[in-house]
């Protein structure tokens, strides 16, 4: 027979564990930006959950604000048109792509920017 702690807590210890989707045993999540399957959930901070989109999100966080989320607009972040053009130019130089003026004008949020860059990079490879 169980004595002491185990006797008092055996029903608690025997309850089945739920498997988190953050593990390979759980259901894969989809990145909210590109839709790729991943074993990680996006955090409450609005992180992208695939490594590529997450890297791009942190690129923007390093340059604008560490607290920014995917749904932040340039207006939310107090990024004016000149700062936006500078960001696009830096992004193009760092990642070796050229976004057309029309593509840049369609970028309203951080998520839009990541999608545009991924689309351009994927098409050029």
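All of the numbers you see were taken from the coordinates with simple rules; none came from a lab. For clarity, every value in this text was computed on a predicted model and none was experimentally measured. Virtual Cβ from ideal backbone geometry, glycine too; neighbours counted across all protein chains shown.
Overview of values
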{"quantity": "Those residues of region 85-106 which are in contact (Cβ under 8 Å) with a residue 24 or more places away in the chain and closer than 14 Å to residue 119 by Cβ, in sequence order", "calculated": "91, 95, 97"}
{"quantity": "In region 93-109, residue surrounded by the fewest Cβ atoms within 10 Å (Cβ to Cβ) [restricted to those that are touching a helix residue (DSSP H, G or I) at 6+ places or on another chain (Cβ under 9 Å) and part of a helix (DSSP H, G or I)]", "calculated": "94"}
{"quantity": "Those residues of region 113-125 which are under 20 Å from the mean Cα position of the chain (by Cα) and surrounded by fewer than 18 Cβ atoms within 10 Å (Cβ to Cβ), in sequence order", "calculated": "119, 121, 122"}
{"quantity": "Count of region 73-92 residues which are within 15 Å of residue 62 (Cβ to Cβ) and either within 19 Å of the chain's Cα centre (by Cα) or assigned to a helix (DSSP H, G or I) (or both)", "calculated": "6"}
